[in-house]
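A short write-up of the structure that comes next.
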Amino acid sequence: MFVAEIFHSIQGEGELTGVPSVFVRTSGCDLRCGWCDTKYASWRPEGEEMSVDEIVANVLGYSADYCVLTGGEPMIAKGIHELAARLRSAGKHITVETAATVLPNGITCDLASLSPKLSNSTPAAASANGWNERHERTRLQPEIIAQWIDGYDFQLKFVVATENDLQELDDLLALVPRPIPRSKILLMPEGTDIATIRGRDETLIEVCKRQGYRYCNRLQIDLFGNKKGT
Ligand code: SF4
């Protein structure tokens, strides 16, 4: 498996915010978000080949009970199902952070952290080296989202830049053939610096108050800035 990094930190986003966790970031992604904050795992994948045995040994070297499989897109990483099962057998709680473009196929997972991408993610054609169309074709797969929802405890996280994104979010939810409690829908401000994130907070919080969605901070940016290994 091609791995960009393994690190021990606290979860910065979602229902498990603040929980000490080991993160396994696989390298490689089936999308190319224009605002991707981990380009070293998507646009320019970096890392090293590691066996499942090596990854498990590395993770077990940390005291955290929680493990987050993230990317890039971890669901396209070779051996991800075996890795998740092995880590669970070793007693870890498993979160899979995925854009939900790939079927779960029975992966071992305690929390499916689904982050479908709205059109604000689509890269400009001129700078995307052919990825513009592929990203647009791939990014939203309501039937795949439904399969994750059917099989797992889940949260649905959306990166929101402006209030205009919310109509698109509603349109997507209408296409997912499952009832989804509003409290499972997390709105996260787009941005990789504190000023940008805080600048979007007021709008997002008002939307959450109005529609019952849940506001989701990016604590890791507050605490560490946009840095690898956090
Ligand atoms: S899905 Fe995630 S890792 Fe892949 S390009 Fe988008 S933000 Fe980056």
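Summary of computed values
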| item | result |
| --- | --- |
| Criterion (more than 19 Å from Gln220 (Cα to Cα), out of contact with any Cys (no Cβ under 6 Å at 6 or more places or on another chain), at pLDDT 95 or above and within 11 Å of the ligand (Cβ to nearest atom)) met by exactly one of Ala100, Ala85 | Ala100 |
| Options Ser183, Ser113; residue that is touching a strand residue (DSSP E or B) at 6+ places or on another chain (Cβ under 6 Å) and more than 15 Å from the ligand (Cβ to nearest atom) | Ser183 |
| Odd one out for Ala64, checked against (1) touching a residue at least 12 places away in the same chain (Cβ under 8 Å); (2) surrounded by 14 or more Cβ atoms within 10 Å (Cβ to Cβ); (3) over 19 Å from Lys228 (Cβ atoms); (4) out of contact with any Leu (no Cβ under 7 Å at 6 or more places or on another chain) | (3) |
| Considering residues of the stretch 25-56 that are closer than 15 Å to Ile80 by Cα and free of Cβ contacts under 8 Å to residues at least 40 places away in the same chain only, the residue least open to solvent (accessible area, probe 1.4 Å) | Val56 |
| Residues of the stretch 8-24 that turn out to be in contact with a strand residue (DSSP E or B) (Cβ under 8 Å, 6 or more places away or on another chain), of a type in the set (Gly, Ala, Ser) and either open to solvent by less than 30 Å² (accessible area, probe 1.4 Å) or within 16 Å of the ligand (Cβ to nearest atom) (or both), as a count | 3 |
| Every pair of residues 6+ apart whose Cβ atoms lie under 6 Å, when the first sits in the stretch 161-179 and is under 18 Å from Cys216 (Cα atoms) and of a type outside the set (Lys, Arg) while the second is open to solvent by 10 Å² or more (accessible area, probe 1.4 Å) and not in a helix (DSSP H, G or I) | Ala161/Glu190 |
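The values are calculated or read from the model by the stated rules, or taken from the named source; none is laboratory data. Everything numeric in this text was worked out from a predicted model, so none of it was measured. Glycine also receives a Cβ, built like all others from the backbone with ideal geometry; neighbour counts cover every protein chain displayed. Heads up: the accessible areas ignore ligands, DNA and RNA and are worked out on the full protein's heavy atoms, side chains in. Shrake-Rupley method; radii C 1.70, N 1.55, O 1.52, S 1.80 Å.
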